[in-house]
Amino acid sequence: MCNENIPKITRIKFNISFKFLCLDIKFVIKSYLAAFYDEWCKKLVIIIAKYYLAMGNLKAAITGVAKYVPETLLTNADLEKIVDTSDEWITSRTGIKQRHIFKEEGKATSDMATRMVENLLKKTNTSADEIDLLICATITPDMTFPDTANTICSKVGISNAFAFDINAACSGFLFALTTGAKFVESGSHKKVVVIGVDFMSSIIDYTDRTTCVIFGDGGGAVLLEPNEEYGIEDSIFKGDGDGRQYLHMKAGGSLKRPTLATIEDKEHFVFQDGRPVFKAAVKGMTTTFNSLLERNEIGHDDVDWLVPHQANMRIINSVADMLDFPKEKVMVNIQNYGNTTAGTLPLCLADYESQLKKGDKLVLTAFGGGFTWGSTLLTWAYDGDE
Ligand code: COA
């Protein structure tokens with residue numbers, strides 16, 4: 001460059017201007033980068049905040065339900081031929097007309113549950129590999145150990161899940177549902193299968209008219225998935241071990257090991273003292289229902305469906321009467337299945353699925369051996385005809 005041709009003063013001026021220009025450009029770039037950085041920082045903070053807020057509000061929604069009941073029927077007329085009873089007594093005291101009995105040779109609780117889960121996966125377009133947790137509520141496991149849940153996974157072909165059983169008798173499904181929901185709400189699990197199933201005819205003495213008229217076989221399964229709006233809202237669960245004297249199996253556990261004498265004395269069947277169970281069931285279901293609604297600031301009118309454990313039609317009616325709850329909003333199918341223990345609640349959901357609408361508020365309530373009892377409030381996540 002022919003710098004010498006430019007006067008010195010001009011060169012100095014130019015150099016100074018050029019330096020200022022560079023400083024300006026640096027300042028503009030720095031400011032721009034700072035603004036850009038600020039903007040992205042803000043965006044990042046919002047994304048993280050949204051993520052944590054969503055995590056806090058993440059619910060576990062039931063996104064599908066399926067049932068299985070065996071084909072063989074045991075009607076009141078059949079029972080009249082086996083024990084000293086009558087259709088009139090059974091119908092008026094329990095509301096039951098028939099039960100389904102699992103009679104397939106060599107088959108167990110896991111086989112009924114396998115059929116429910118296969119049906120559930122098909123209905124919800126879910127592959128077995130996608131399931132990351134399976135919980136089975138039952139008091140009639142295939143064996144004392146291992147658990148039935150892992151056997152079900154093996155039979156269905158679910159290989160990426162962990163699985164376990166819950167034994168809480170007739171409250172089993174409700175306890176399992178909330179347990180499964182916690183894994184979804186925490187964000188750790190995305191597709192959870194919860195099953196309530198019992199093979200009651202395997203532990204019923206068909207010479208004892210006080211129990212054989214009540215119980216039946218079958219149950220259902222639900223799929224739980226994350227949802228920001230609908231799902232399990234809240235649960236209140238209770239227990240009282242003193243109640244075990246009224247409802248239990250006398251032998252077969254570590255307290256009284258199986259012997260020829262325990263078999264002769266028919267101690268491997270359900271023992272039940274019905275009256276205290278009846279009273280405790282009505283009290284337990286109504287008190288937890290009321291406490292749950294109060295805690296969630298919800299009125300009775302806001303509840304679209306009451307889903308009670310199907311123990312006895314008189315128990316269901318007493319609960320509805322004490323709550324002053326309209327009978328047409330109470331799910332009832334006990335006449336078709338009897339008491340399937342952990343199976344009754346998912347069986348109700350399956351039978352009423354077509355009538356359920358997205359956003360419906362349901363309260364599920366149960367009482368069972370242990371004693372165990374409680375109520376769960378949930379918002380239904382899909383229209384029945386979907
Ligand atoms: N057929 C005809 N008579 C029967 C009978 C049957 N299947 N079962 C019992 N009886 C008789 C009794 O022997 C008794 O006769 P008695 O008065 O000559 O002694 C009479 O009926 C009344 O018996 P009781 O046990 O007092 O009847 P109940 O009205 O309490 O009804 C249950 C019995 C079991 C149906 C009722 O107590 C009940 O449902 N309890 C809760 C059971 C339950 O829900 N269990 C599952 C856990 S959630």
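Derivation of every value follows stated rules applied to the coordinates shown; laboratory data play no part. As the structure is a prediction and not an experimental result, all values here were calculated from the model. Virtual Cβ from ideal backbone geometry, glycine too; neighbours counted across all protein chains shown.
Below are the figures for this structure:
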quantity	calculated
The chain, relative contact order [Cα under 8 Å, separation at least 6], %	22 percent
Test item: Cα-centred dipole of the stretch 269-311, Lys/Arg +1 and Asp/Glu -1 on Cβ, debye	380 debye
Potential extension, Thr262-Glu297 segment - 0.36 nm per residue separation minus Cα distance	7.5 nm
Exceeding the 27 Å Cα-Cα cut-off - candidates Lys67/Lys357; Lys123/Lys357; Lys182/Lys361; Lys155/Lys256	Lys155/Lys256
Anisotropy class of the stretch 329-386 from Cα gyration tensor, a/c 1.5 cut	oblate
Volume per residue that the Cα convex hull of the chain spans, once the total is divided by residue count, Å³	212 Å³
Table column - 3J(HN,Hα) (Hz), the stretch 89-102, Karplus curve with 6.51, -1.76, 1.60, x for Gly and Pro	5, 5, 5, 6, 8, 10, x, 8, 10, 7, 9, 9, 10, 8
Ellipticity estimate at 222 nm from DSSP helix runs (n ≥ 4, -39,500 (n - 2.57)) divided over the chain, nearest 500	-13000 deg cm²/dmol
Residue order, fewest to most surrounding Cβ atoms within 10 angstrom, among Trp40, Trp380, Trp89	Trp40, Trp89, Trp380
Dipole of the stretch 285-386 [Lys/Arg +1, Asp/Glu -1 at C-beta], most positive-end residue of Thr341, Pro326, Val303	Thr341
Length gained when the stretch Lys107-Arg275 is fully extended (0.36 nm per residue, less Cα-Cα span)	57.1 nm
Loop GluC sites (Glu not before Pro), the stretch 195-261 (other Cβ atoms within 10 Å of the site Cβ: 14 or fewer; DSSP)	Glu228, Glu229
Residue order, fewest to most surrounding Cβ atoms within 10 angstrom, among Cys153, Cys170	Cys153, Cys170
Integer Hz, Karplus 6.51/-1.76/1.60 couplings in order for the stretch 280-289, x for Gly and Pro	5, 5, 5, 5, x, 6, 5, 5, 5, 4
Choice from Phe367, Phe164, Phe102 with maximal GNM fluctuation in the chain (Cα, 10 Å cutoff)	Phe164
Among Ser254, Thr211, Ala128 - extreme Cα towards positive end, dipole of the stretch 58-379, charges at beta-carbon	Ser254
Hz values of 3J(HN,Hα) by residue in the stretch 196-208 - Karplus curve (6.51, -1.76, 1.60), Gly and Pro given as x	x, 8, 8, 10, 5, 5, 7, 10, 10, 8, 7, 10, 9
Length released on extending from Asp242 to Glu228, taking residue separation times 0.36 nm less the Cα-Cα span	1.0 nm
Choice from Lys329, Lys182, Lys30 with maximal GNM fluctuation in the chain (Cα, 10 Å cutoff)	Lys30
Packing-based exposure ordering (other Cβ within 10 Å, fewest first) of Tyr230, Tyr337	Tyr230, Tyr337
Electrostatic dipole magnitude of the chain [Cβ: Lys, Arg +1; Asp, Glu -1; Cα centre; debye, to 20]	1840 debye
Sites matching chymotrypsin sites (Phe, Trp or Tyr not before Pro) across the stretch 181-210 that sit in DSSP coil, with at most 11 neighbouring C-beta atoms within 10 Å	none
Gyration tensor (alpha-carbon) shape descriptor, the stretch 171-286, a/c threshold 1.5	prolate
Separation between Cα centres of the stretch 56-110 and the stretch 326-350, rounded to whole Å	10 Å
